[in-house]
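For reference, the structure discussed in these notes is given below.
Every read-out reported here was derived from the displayed coordinates using simple, explicitly stated rules and does not represent laboratory data. What you see is a predicted model; the values in this text were computed from it and never measured. A quick note on method: Cβ atoms are made from the backbone with ideal geometry, for glycine too, and the neighbour counts reach across all protein chains shown.
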Amino acid sequence: MKALIQRVKNASVTVKGEVVGEINHGLLALVGVEKSDSETDADKLLHKLLNYRVFSDADDKMNHNLQQAEGGLLLVSQFTLVADTRKGLRPSFSSAAPPADGERLFEYLVSRAYAAWPQVATGRFGADMQVALVNDGPVTFLLES
């Protein structure tokens, strides 16, 4: 699994004009699921999402994690994140998990996140989503399980 994380001042996901998920300061995580991914990968990724130190401490060093910063976590499925872009001018999605498997693992990740942290929001798997954010920094990292 991969997650492109962005430290945000706020972020939201809208589907058909309805806000379905939003957070104030925290992390926006765009999540891609690959064919070879499992629940173990989702657990590893969640551990990184909750514990990766990307928030500033009193000395303005990135020493605090999401929990220490008391931030929100907005999880958004994004299969294009696992595209192979090494050749040509059109992405290949051959490494992406089939939709049913991707949805199962994404929902597993979401359920584990809800159990581990109270400030979790999501988009809708497979929906046409509009994601709005105010990037804080900007601070952006690609995490892999």
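Just checking: which of the helices (runs of 4 or more DSSP H) contained wholly in the stretch 26-145 hold 3 or more residues that are among the small types (Gly, Ala, Ser)?
Values: elements: 39-51, 66-69, 99-116.
Output list reads 99-116.
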- Task: Answer yes or no: is there a residue in the stretch 114-123 that is farther than 21 Å from ILE5 by Cβ, free of Cβ contacts under 8 Å to residues at least 40 places away in the same chain and surrounded by fewer than 13 Cβ atoms within 10 Å (Cβ to Cβ).
- Result: no
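When you scan the stretch 1-12, do you find a residue that is β-branched (Val, Ile, Thr) and buried (at least 17 other Cβ atoms within 10 Å of the Cβ), even just one?
Taking the stretch 1-12 and keeping what is β-branched (Val, Ile, Thr), we get 5, 8.
Subsequent filtering for residues that are buried (at least 17 other Cβ atoms within 10 Å of the Cβ) retains 5, 8.
Yes, some residue in the stretch 1-12 is β-branched (Val, Ile, Thr) and buried (at least 17 other Cβ atoms within 10 Å of the Cβ).
Please tell me if ASP43 is touching a Gly at 6+ places or on another chain (Cβ under 9 Å) and surrounded by 14 or more Cβ atoms within 10 Å (Cβ to Cβ).
Values: touching a Gly at 6+ places or on another chain (Cβ under 9 Å): no; surrounded by 14 or more Cβ atoms within 10 Å (Cβ to Cβ): yes.
No.
So how many residues does the stretch 4-16 have that are part of a strand (DSSP E or B) and more than 17 Å from PHE55 (Cα to Cα)? If you could, list the steps in order and put the result at the bottom.
To start, the set of residues in the stretch 4-16 that are part of a strand (DSSP E or B) comprises 4-15.
When the remaining residues are screened for being more than 17 Å from PHE55 (Cα to Cα), the result is 12-15.
Residues in the stretch 4-16 being part of a strand (DSSP E or B) and more than 17 Å from PHE55 (Cα to Cα): 4 in total.
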- Query: Taking interchain pairs and intrachain pairs at least six residues apart, which have beta carbon atoms under 8 angstrom, with the first residue in the stretch 76-89 and closer than 9 Å to VAL31 by Cα and the second hydrophobic (A, V, I, L, M, F, W, C) and in a helix (DSSP H, G or I)?
  - Reply: SER77/PHE106
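Do you know which residues across the stretch 98-111 are touching a helix residue (DSSP H, G or I) at 6+ places or on another chain (Cβ under 7 Å) and surrounded by 19 or more Cβ atoms within 10 Å (Cβ to Cβ)? Don't jump to the end; show me each part of the working.
Filtering the stretch 98-111 for residues touching a helix residue (DSSP H, G or I) at 6+ places or on another chain (Cβ under 7 Å) gives 102, 105, 108-109.
Hits for the stretch 98-111 are GLY102, LEU105, LEU109.
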- Message: Considering only the stretch 83-91, I want to know if a residue exists there that is surrounded by 15 or more Cβ atoms within 10 Å (Cβ to Cβ), over 25 Å from PHE55 (Cβ atoms) and basic (Lys, Arg).
- Response: no
